[in-house]
1. Being at the interface with chain B (Cβ under 9 Å from one of its Cβ atoms), surrounded by 15 or more Cβ atoms within 10 Å (Cβ to Cβ) and of a type outside the set (A, V, I, L, M, F, W, C) is the filter here, so list the residues in region A:511-525 that pass it.
2. Given the structure, is A:Lys277 more than 24 Å from A:Leu110 (Cα to Cα) and touching a residue at least 40 places away in the same chain (Cβ under 8 Å)?
3. Which one is farthest from B:Gln85 (Cα to Cα) among residues in region B:248-297 that are among the aromatic types (Phe, Trp, Tyr) and at pLDDT 95 or above?
4. Which members of region B:83-104 meet the condition of being touching a Phe, Trp or Tyr at 6+ places or on another chain (Cβ under 7 Å) and within 13 Å of chain A (Cβ to nearest Cβ)?
5. (1) aliphatic (A, V, I, L, M); (2) crowded, with 24+ Cβ neighbours inside 10 Å; (3) touching a strand residue (DSSP E or B) at 6+ places or on another chain (Cβ under 7 Å); (4) farther than 17 Å from B:Val177 by Cβ: which one isn't true of B:Ala79, the others all being true?
6. Within region A:545-557, does at least one residue satisfy the condition of being away from every other protein chain (no Cβ under 14 Å) and surrounded by fewer than 16 Cβ atoms within 10 Å (Cβ to Cβ)?
7. What strands (runs of 3 or more DSSP E), lying completely within region A:560-629, carry at least 3 residues that are among the small types (Gly, Ala, Ser)?
8. Kindly provide the set of residues from region A:521-535 that are without any contact (Cβ under 8 Å) to a residue 40 or more places away in the chain and in a loop (DSSP other than H, G, I, E, B), ordered by number.
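The values are calculated or read from the model by the stated rules, or taken from the named source; none is laboratory data. Every value quoted in this text rests on a predicted model; they were computed, and no experiment measured them. Cβ placement follows ideal geometry from the backbone for every residue including glycine, while neighbour counts extend to all protein chains displayed.
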Amino acid sequence: MKRSWEKYIVVILCILSLFSVAQEDTLKQVNVTATITPADSYKVISLTNIESRTTENLSDLLSKETPIYIKSYGAGGLSTISIRGAGSGHTQLYWNGIAINSPTLGQIDLSTLPISFIDDAEVHLGASSIIDGSGGLGGAIQLNTSADYKNKLKANFTKELGSFGIDKTQLSINLGSEKFQSKTSLFRNLSLNNFEYKDISQEGSPILQRENSEVIQHGLKQEFYYKPNLHHQFSVKSNYLDSYRQIPSIIGVQSNGEYQTDKILRVLGEWKYYKAKSFHHLRLAFISNDQNYIDTSASINSLIKTDSYKGSYNYRYFFKHLISLTARVDAGIDIANSTGFSEKHSQNRQSLFVQFEQESNRGYSYNIAFRQEVIDGKLAPFVPTIGAMYYITSNRELSINFNAARNFKAPSLNDLYWNPSGNIDLQPELGFTSEMGISYINKKIEFKISPYYSLIDNWIQWLPGETGIWSPINVKQVENKGVELSLEKSIKVSNKLKIHLKTGYNYVNSINKSSIVDGDNSIGKQLIYVPKHVFNFVAKVDWKRLSFAYNQTVTGKVFIDATNTTYMPYYAPADLNIGYSLKGKQKSADIGLKVSNLYGEDYQIMANRPLPGRWFLVFLKINLNATDE
Amino acid sequence: MSKNNLYLLLLVFAFASCKKQEIGPQCPTCVEATIEIKYNDVLIGCEGNFGWGNASLSLYDPLENSVTNSVFQNVNGYALGDVLQSMTEYNGKLFVVVNNSGKIEILDTTNYQKTATITGLTSPRYFCGINSSKAYVSDLYSNQIAILDLSSNTLSGNIVTNGWTEEMLLVNNKVFVCRPDTNFVLQINATTDVIEDTIVVAKGASSIVLDNNNKLWVLSSGGINEEQGELNQIDPSTNTIIQTMVFSDINASPSNLKVAPNGTDLYFLNDGVSQLSINDNSLPTSSIINQNGALFYGIGISPTNDIYVSDAIDFVQAGIVYRYDSTAALVDQFSVGIIPQGFWFK
C-alpha cells in the first residue's frame, strides 16, 4: 500500500510539470469535449450526471437504467457484464479513455468501480467500441469525469443507512475558479449483507441468514483541472480504492472464511489543446492493482499484482466544419505477477487508430476508420470499421444508421502464462459485428430500434487436455443475432409536475455455431448465462419537492448448461425511491427512502447465489452550492 | 399523462405482479413422476461445476436402456450439492461424498432416499467403511482423514496425514491410503487409527484396487508431467511391492484404476481405456477403447463385465456415457448430468 502512494505522488509531480509548457493562443475555441466522439452512425447509450442517481454502484446503474445483462453474484461477489451475447471479457471498460480491464483476467469486476469515481458513462455497443480500443467484441463502456469551470464551491455530504448493516458515508468538495477546479471525494461503504434466504439445498428449504458476506470499501478521488485559456486544458485525475470483501459460499456449502482484498490506484494526466481547426489530446496514465484472495481451509493465498503504464496521443483535424480526420496513437505496458505464474510477465501494446468522418448538410454522414495494434511486437488482426447515417425527414427527427466492424480480443495474461497450463499459442478471438438502426428523436420522444448481427470466432474456453490439466483453447464460433429497442419520453405536465419515462428491451439469440470439441451437443444451442430477453423500465416523477422513481427490470430465463437442459428462471425485481428536497438559496438537503426488491421476489442471478428480498435504505444528502447560475 | 403512457405503466405493473414459483436452478426434463427402481440399476455420479451446486445422480436401466437424470433431487426434494466426488456402497447403504459441500449423503440403495447426512467435513474425497460403526473419509485440504461414527453419523476423530488423501482400501484390518501429492501409500491400523507404514510408489498415487489373489494394485499418474507414472502390485500382508510397471511417456496421466468383478482384469484410463490381466508382467501397449477426440473422465465395470466410460465433453454441457460390452463393442450411449465421473452398480 505504501508503495502505491509513493508512485501516486511521483506520477502527479510528473504530470504537474507539464503545466509549464502551456502557452497563450488567441484563436477561437473549437467545442470538442471527448477525444474521439462516436460517429453519428454508432450506437451509444449515455448516462450523465451519475452522482445524482439513486443507484448503489456501477453494476446497479447499468442493470437498472439499461437493458444490459449483469452477472451479479450478490453483495461482495463478482459482478460482470455481458453485452449482445458476448462474454464478460468481451466488454472493455475505459476510465477517461484508458483501458482498465484486468490484464490477467481480461475482464473487470464492476464492484471495484464506485459511482463516486464517475461523472458520466457511455455504453458503446458493437462496432462503436472500436473507437476506444480493441477487445470490445460485445461493446465498451466509457467512464468519464469532467469539470464545471463555472463552479465556485460545491460540497455535499451523504449518509445512507440501510438493511443488513448498510452504512455509507460520502463527502465531496468541488471548488475552483474559471481557470482552476479541484474535485475531491471521499467515501466509506460498510455492509454486512447478512440477509435471510431460503436454503433450497436442504430438505424443507429452511430460512437461513447469509454468512461471510461483509464488505468494507474506502475510496478517495482527487482531480485537478487547469484551464489557463480557451486553448489549453490540463488535468490530473486519480482515484484509489481499498476494498475488503468476504466471499460467501453458494447455498448449502459451509463458509470457508474466504475473502478478497483489492487495492486499486488509477492516475491520469491529460493535456487538451484546442485550436481553430485542430485538437490535440495527450494522456499518460498509471494503474496499479493489488489483489489478494484468501481461502484458509483450502490453504489458498493468491496474490495478483498488476501495474499498467499507458500513454495516448490523439490528434483531430477539421478540414471544413463537417469533415474531420482523427488519428490516435497508444502505447502501453502491463506488468503482472501472480501466484498462478511461474515468473513475472508483461505485455507491450502499441496501436494506431485513424478515423475519417464527413457530415453533409444534405442530411447524411459517414465514417471510415481502422485500428492496427501491435502486441509484443506481433501484428494483431487489422480492425476496419465503416458506418453511415442518413436523416430520412428534413426536420432530422427520423434517421437510419448502419455500421459494421471487425474486431479482436487478445488472450489475457492468464490465458497465455498460467502455470502450468497457459497456452502461448492461443489465437486472438475474432469478432465481426454489424447493425442497422432507426431512430426517431424529437423534444418529446426518443425511439430507437437496432437489429444487429455478430460473430465471434476462436472463442477461448478452458478445457482439460489429454492429461487432465485445464488449459485455454480457441474452442468455438458464436453467432449473436438480436434487436435492441428503446423508448424515452419526457412529459412536463406543469411547472410542478414532470414525468420522465424510459424503457428498453433487448433480444438476443446467442448460439454456438461450431466447436472443436468432439461430440459437442451444444451446437445450435443458446449460450449459458445469456438471457434471450431483457426488459427495463424507469419512471421518474417530480412533483413539487417530492420525487418518485420506479424501476422495473425483467430478465428472461438463462440456461446454465450448454445443452440447454437446466436453467435459472426469469426474475423481475423492482425498486422504488421517494425523495424530498429542502431547498435554500445556497444550501439544500435531500432526504429519502429507497425500497429495493419492492415485491420481495425470491431470486438468484447466478445459480445458488441468493439475493436479498425486500430491503430498505434511508438517505440524507446535504448540499452547499456557491455557484453562480 | 396520455392514454399510451398509462397503458405502458399498466403493462409494467402487470409484469411485476405475475409471481413465479421457481427459485434457483431448474431442470424440467429431469422431473419424472416416479422413479422405477430395478435390481440392476446403474447410478452415474455427476460431479457438476465447482461453485455451481449442480452435482447430480443419473439412473440408467441397462435392460431398457433408459435414463433418468437428477434422481437425488427427484427422490429427496433438494439438490445434491456442490461437486460430487465419489459413491461407495457399504452395509447396504450408498455413501455419496459431496466434496465442496463438505458432506456425505447416505442413501438407501433400495429407493435412493436419504437416510442421513454427515456434515462438517472440509473437502471430503472418498469413503472407506471399517466396520458397522466406523469409517474413514479422505480429504483434499484438511491434512487429515476424518473418522466417522456410523452409529450416530457424526465425526468422531481424525488421523493426521499432512496432506491430500485420496482412494482407500481395507484389507485384513489395514487401510491403505493413496497420497497423491506425494509418492506414498499410507498404511493405517484400522483398530488403533495409527499410521504404521509408508509404501513408496510413484508420484500421484490416486487409485487402489484389490484383486482375487488378495493383492493390491496402485496406479500413480506421475504428477503433472513431473515423473513417469507407475502401476504397482503390492502385497498387503508385508506392505512390499511385488512388481512395478512404468509408463514410458512422462506426459501420460494414467488414472481411474478399476478391477472387474472377476478380480482378474484391471482397467484404467490413459488416453482411452486400457486393460490388463493381473498375471501380466507389462503394461498394455494399446487401448481397448480409443477416445477418438473425446475426453474420458470416468470408468466403471459392471457385474456383467460391461465397460461404462463417461465423457464430460466441454464440462458445461450434459455429459455422455458410453456403454461397451466386455469385447469393447459399443452397446449404448446416453446423456446424463454435468461432468459424469463415477459409476455404482446395484
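1. A:Ser515, A:Gly519, A:Asp520, A:Asn521, A:Ser522, A:Lys525 - these are the residues of region A:511-525 that are at the interface with chain B (Cβ under 9 Å from one of its Cβ atoms), surrounded by 15 or more Cβ atoms within 10 Å (Cβ to Cβ) and of a type outside the set (A, V, I, L, M, F, W, C).
2. Working: more than 24 Å from A:Leu110 (Cα to Cα): yes; touching a residue at least 40 places away in the same chain (Cβ under 8 Å): yes.
When the stated conditions are applied, A:Lys277 passes them.
3. B:Tyr267
4. Within region B:83-104, B:Val83, B:Asn100 meet the criteria.
5. The failed condition is (3).
6. Step one: filter region A:545-557 for residues away from every other protein chain (no Cβ under 14 Å), giving A:545-547.
Then keep just the ones that are surrounded by fewer than 16 Cβ atoms within 10 Å (Cβ to Cβ); that gives A:545-546.
Yes, the conditions are met somewhere in region A:545-557.
7. Details: elements: A:574-583, A:587-596, A:615-625.
Answer list for region A:560-629: A:574-583, A:587-596.
8. Residues of region A:521-535 without any contact (Cβ under 8 Å) to a residue 40 or more places away in the chain: A:523-526, A:528, A:532-533.
Across region A:521-535, the qualifying residues are A:Gly524, A:Lys525, A:Ile528, A:Lys532.
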